[in-house]
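To keep things clear, I will list the structure first and then write my remarks on it.
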Amino acid sequence: MTMTSDDAQVVFHVVGMADTNLLPRLLEHFCLRDIVPDHVLAERQGDEMRVTIAIRRDACPEWEAVARKLGQIFVVKSVLTSVDDSARQTAAG
């Protein structure tokens, strides 16, 4: 099976305040684009929440704009993104 670059996954790593509004505000940006994340993990660590959201890159070509929007949420402290091409590299290699 040959995989393409569209099989790449974008992972958003978010650190925010442990606030009841954090998760709905993060997921709202995916809902507005009709995207269901492949993976969502949220963990509270003291006064902070660490949230990981993974989507397929082809489902959201504007993922960089989404990352900027997530960073503008008032309860968000930081947003890091990564693109995982390992599935494509494993299939090709």
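Quick notes on this one:
- Checked against the criterion of being surrounded by 15 or more Cβ atoms within 10 Å (Cβ to Cβ), modelled with pLDDT of 95 or more and in a helix (DSSP H, G or I), segment 15-23 has at least one qualifying residue.
- Take the conditions (1) free of Cβ contacts under 8 Å to residues at least 24 places away in the same chain; (2) charged (D, E, K, R); (3) in a helix (DSSP H, G or I); Asp58 misses just one of them, which is (1).
- Checking each residue in segment 61-83 for being exposed (fewer than 13 other Cβ atoms within 10 Å of the Cβ), of a type in the set (A, V, I, L, M, F, W, C) and not in a helix (DSSP H, G or I) picks out Phe74, Leu80, Val83.
The values are calculated or read from the model by the stated rules, or taken from the named source; none is laboratory data. Here the structure is a predicted model, which is why all the values come from computation and not from measurement. Don't worry about glycine lacking a Cβ; one is built from the backbone with ideal geometry, like all the others, and counts go over all protein chains shown.
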